[in-house]
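The next block holds one structure in the form of structure tokens; read it before the comments.
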Amino acid sequence: MDRKFSISQQVRIKTAGGTYKEPPRDAKGSIGTIAPQNTADWLEAAGSEYAEKFPSYYVELANEDVVLIGEDWLDPA
């Protein structure tokens, strides 16, 4: 699966409009950084049937929390 964002890239979390893996309310509208995607990368590389149908990313927020967010909730910062 092709990825739209790369590790360490800054992203802005949308406040509305996404459909898959919605971010926590307090994360909406904030800037985050794409964190390492170990689990998702491993599943995709293994061709697992559990690989995500829609891409999502682990995003590190300013408070150092890491949340899993659907790609359609993210824009380049």
Item to check | Ranked list, fewest to most other Cβ atoms within 10 Å of each Cβ, for Tyr20, Tyr57 | outcome: Tyr20, Tyr57
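Counting other C-beta atoms within 10 Å, which of Ile69, Ile31, Ile13 has the fewest, and how do the rest follow? If you can, show how the numbers build up before the last one.
Values: Ile69 26, Ile31 12, Ile13 22.
If I rank by nearby Cβ atoms, fewest first, I get Ile31, Ile13, Ile69.
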Item to check | Amide H within-cut-off set for Ser56, under 5 Å, with H built and near neighbours excluded | outcome: Glu71
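Taking the Cβ of each residue in Arg25, Arg3 as the centre, tally the other Cβ atoms inside 10 Å and list the residues starting with the fewest. Spell out each step's value before the answer.
Working: Arg25 8, Arg3 15.
Taking fewest neighbouring Cβ atoms as first place, the list is Arg25, Arg3.
For Ala35 and Ser8, compute 0.36 nm times the residue count separating them, minus their Cα-Cα distance, and round to one decimal in nm.
Numbers: separation 27, 0.36 × 27 = 9.72 nm, distance 0.61 nm.
Full extension from Ala35 to Ser8 adds 9.1 nm.
Each value in this text was obtained by applying a stated rule to the coordinates, not by laboratory testing. Here the structure is a predicted model, which means the values were calculated and not measured. So basically every Cβ, Gly included, is an ideal-geometry build from the backbone, and we count neighbours across all protein chains shown.
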